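Q: Below is a structure I'd like to ask you about.
What follows is calculated from the coordinates using simple rules that are stated; it is not laboratory data. Predicted model, so just to flag it, every value in this text is computed and none were measured. No Cβ is skipped: glycine too gets one built from the backbone with ideal geometry, and neighbour counts run over all protein chains shown.
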Amino acid sequence: MKNAPFLLVLLAALLALHLLLPASLLSLDSALRTLLLVELRLPRTLLVAGYGAVLGLTGAALQALFGNPLASPDVTGSSSGAALGAVLGGYWLGLTEPLALAACGVAGSITALAALLLMAGRKSDTAMLLLAGIGISLACGAATSLALALAPSPFAFYDAFDWLMGNFTDRSLGQAGAALIPATIAAILLTRRARALDLLALGEDVAASLGFRPQRLGIEVVALSAVAVGACVAVCGAVGFIGLIAPFLARRLTRGHPGRAMIPAALIGALLLLIADLVTRGLDRTIPIGVITALAGTPLFLWLIVHQRRGLTP
């Protein structure tokens, strides 16, 4: 893709800005500066960029699988299910290890996506996908709030915003590794399905005639997307709309090829979440990053719904 070098240069510049801003950090003692950069800034920068890439990539993969531009991780309930799984594991099962929480997030994400497949089907229309996905998201969000309110810890409910809207503060390198290592492995395996997803867009018969099994491909994409999203949500909470916006922009760069849009969507997702986190850090008040992404993504979401409805109107 001819735009890839530009996206990579822009991503490198934003990574440097996210890691080093504010510039007053550079004037500190070298030992203190190194400590702050390695222990506080680096995990946050890695998580923001990695999580954004995961949301963009999985959003593109799910949209290719369902054949629907609205099938992002948050709309399908994947993110909300992962948050519920992590909350149940951390506050009710007493799991504290990052890898254990990541496993709980993956389990919740897989359960939500499996429920979506059962309720709506893989080739569902826009209305059915929206109804099923929003229903699962609302149910998981309500269950997450209830689990936090009834948790043994009296302070658990104060973490509701972190789980439902995302939070990257005070994360360690261990947590970053627990989220990004399984997410990276799943993302690499997902990119290897790009050609199959492109062929699937031409029809299941075409994909099958070239040696791909559509049903098996669907299971693989759902499982790998759940692993990638669930691991990140278990550490950072749910962040909406990046998985919707990034694939939408990526398809414009790849002339509508759904599978080929996966890697550009990952780069764009990382860029968008880095920008959103820089905005939250620049504000005087603490605002969840999910609020920023929702403000940017809601107009696009509504436009896509209207566009889909017009396309179905005879």
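Q: Expressed as an acute angle from 0 to 90° and rounded to the nearest 10, what is the orientation of the C-alpha long axis of helix 173-191 relative to the principal long axis of the chain?
A: With rounding to tens, the tilt is 20 degrees.
Q: Further question: Highest GNM mean-square fluctuation, the chain, Cα pairs closer than 10 Å: which of 17, 70, 197?
A: 17
Q: I need the Kirkwood Rh of the chain: take the reciprocal of the average 1/r across all distinct C-alpha pairs and report it in angstrom.
A: Kirkwood hydrodynamic radius for the chain: 19.6 Å.
Q: Here is a further query. Expressed as a rounded percentage, what relative contact order does the chain have, with Cα pairs under 8 Å and six or more residues apart?
A: About 31 percent, as a whole number.
Q: In degrees between 0 and 90, to the nearest 10, how far off the longest principal axis of the chain does helix 214-236 point, with axes built from Cα atoms?
A: Helix 214-236 and the main axis of the chain meet at about 20 degrees.
Q: Kindly provide the trypsin sites (Lys or Arg not before Pro) of region 166-259 that DSSP labels as loop, not H, G, I, E or B, and whose Cβ sees at most 13 other Cβ atoms within 10 Å.
A: Filter output for region 166-259: 192, 255.
Q: Using only Cα atoms and rounding to the nearest 10 degrees, what angle (0 to 90) does helix 42-66 make with the longest principal axis of the chain?
A: 10 degrees
Q: Here's something else I'd like to know. HN-Hα J couplings of region 194-210 from phi, Karplus 6.51/-1.76/1.60, θ = phi - 60°, integer Hz, Gly and Pro as x?
A: Karplus values, whole Hz, x for Gly and Pro: 4, 5, 4, 5, 4, 5, 4, 5, 7, x, 5, 5, 5, 4, 5, 5, 9.
Q: Now for a different question. With the contact rule set at Cα under 8 Å and sequence spacing of 6 or more, what percent relative contact order holds for region 1-148?
A: This gives 22 percent for region 1-148.
Q: So for region 194-314, averaging the separation of alpha carbon pairs under 8 Å that are six or more residues apart and normalising by length, what relative contact order in percent results?
A: After rounding, I find 25 percent.
Q: Sticking with this one: Of all chymotrypsin sites (Phe, Trp or Tyr not before Pro) in region 139-198, which ones are in loop regions per DSSP and have a Cβ with at most 16 other Cβ atoms within 10 Å?
A: Of the chymotrypsin sites (Phe, Trp or Tyr not before Pro), the ones in loops of region 139-198 whose Cβ has at most 16 other Cβ atoms within 10 Å are 155.
Q: Tell me the trypsin sites (Lys or Arg not before Pro) within region 1-60 that lie in a loop according to DSSP and have at most 11 other beta-carbon atoms within 10 Å.
A: 2
Q: Further question: Ranked from highest to lowest mean number of other Cβ atoms within 10 Å per residue, what is the order of the peptides 96-103, 230-237, 5-12?
A: The densest-packed peptide leads the list: 230-237, 96-103, 5-12.
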